[in-house]
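What follows draws every value from the coordinates through simple rules; no lab data is involved. Just so we're clear, the structure is a prediction, and the values are computed from it rather than from any experiment. As a convention, Cβ positions derive from the backbone with ideal geometry for all residues, glycine included, and neighbour counts pool all protein chains shown.
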Amino acid sequence: MLHEWLKYIASARRDNASLLFYLHSLNNDVATEPILDIDIDDDLKPKEKKRFVLLSSALFLVLFHSCNTGTQTESQASENEISKTMQEGFEIVTQNCVSCHSPNATQEARLAPPLLAVKKHYSEKHDTEEAFVGAMRSFLTKPTAESSEMPNAVEKFGLMPNLGYTKEQLSAVAAYIYNTDLEKPGWNKEYSNKDKQNTLGSEEDYLKEGQRLAMATKSVLGKNLLSSIQHKGPEGALVFCNERAIPLTDSMAQELEASIKRVSDKNRNPGNLANEEELAYIKKAKLALTNTGSIEPHISEKGDRMIGYYPILTNAMCLKCHGSTESDIDLNTLSAINARYPNDNATGYKSNELRGIWVIEMKK
């Protein structure tokens, strides 16, 4: 492009005299070869030739600086994208993952293998970041006993639930785990002091923020639910859901400064019945799950608030209390369900079905 431009400048009158341009203005020791050989009219006076050389050299320097700046801008953009990914992974890991994969929990209180053990296991099988991230994301997208690379952990702790994150978010989680020294003291505070401004403006911003709030609440409920199941069985989980689930959700809503609730078209707790607008989303979500195998969250505006809807899918663990009354739920658990919820509608589910939705209301 530069060659063509300089030739264009000189093209008005050309003969046989050759003028060589050097990069001495950049660095006299480096530039020892001509960068361009173009013909300049012999009729040009010495002062005109000198002026032409200076103008052309100046033009080259401007273009050279522009290209270099462009390269730096692209590099900076790449660094910013990496930093953004690490920040997102850090937030999900520290706000959600460590509630079960705690590095400090005792053996008796542990709900899942510590995060460091998970990283070491995956690192042994996948020695590049691409392979590591791909393998972890694949399992987290749809956890199954068959696809698990840690069968002993599944046998000991049970299969982890589907977290409901997007593939991009799961990639960020895996990338953060891969690139972070989990044995270093304070690793979980590395990004915590970064300035975070309230930049919510677009619907996509609110959609992501709503999901963050939903997943943070799910993490707290899930940790307590898993603990109840491990120590007291499905009947213990029923007691937790009946007595503590809604108060804990309300507590998280107050802490996170948002309205947070779980609702369903087939509710167990009378306080979790979906309203008309929520039922409309549930209907569309079920249709999408049938047709495409996945459900997209939804955000809508209502007055001075933004309302986000996020799907809750069933897994094998859910079926102990929400599955078939003939094959999944044992008699003692079924008896406890009927005693606590005489008007229960929340049975008959299979894995990977829409159990209900999170509804997150945020102030604009």
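Among 168-177, 119-128, 311-320, how do they line up by average Cβ neighbours within 10 Å per residue, starting with the highest? Numbers along the way, then the final one.
Working: 168-177: 21.4, 119-128: 13.5, 311-320: 19.8.
Output ranking for 168-177, 119-128, 311-320: 168-177, 311-320, 119-128.
State the three equivalent ellipsoid semi-axes of segment 96-185, derived from the C-alpha gyration tensor as the square roots of 5 times its eigenvalues, in descending order and whole Å. Spell out each step's value before the answer.
On the way: eigenvalues 70, 53, 33 Å².
The equivalent ellipsoid of segment 96-185 has semi-axes of 19, 16, 13 Å.
For segment 300-343, what D do you get in µm² per second when you plug the Kirkwood radius from alpha-carbon pairs into Stokes-Einstein at 4 °C and 1.567 mPa s? Before the final figure, lay out the partial values.
Values: Rh = 13.0 Å.
So the translational diffusion coefficient is about 99 µm²/s.
Of K184/K208; K120/K350; K125/K286; K208/K284, which pairs sit farther than 27 Å apart, going by alpha carbon to alpha carbon?
Working: K184/K208 30 Å; K120/K350 34 Å; K125/K286 37 Å; K208/K284 20 Å.
Pairs exceeding 27 Å: K184/K208; K120/K350; K125/K286.
What nm value, rounded to one decimal, do you get for the distance between L116 and N291 when each label is placed 7 Å out toward the C-beta?
Between L116 and N291, the label points sit 4.9 nm apart.
I need the shape label for segment 206-270. Rule: rounded when a/c is under 1.5, else prolate if a/b > b/c, else oblate, with a, b, c from the alpha carbon gyration tensor.
Working: a/c = 2.14, a/b = 1.66, b/c = 1.29.
The shape class here is prolate.
Any chance you could get the radius of gyration and Dmax over the Cα atoms of segment 275-364, in Å?
15.7, 48
Hey, can you rank 225-233, 337-345 by average C-beta count inside 10 Å, highest first? Don't jump to the answer; show the numbers that get you there.
Details: 225-233: 17.0, 337-345: 13.4.
So the order, starting with the most tightly packed, is 225-233, 337-345.
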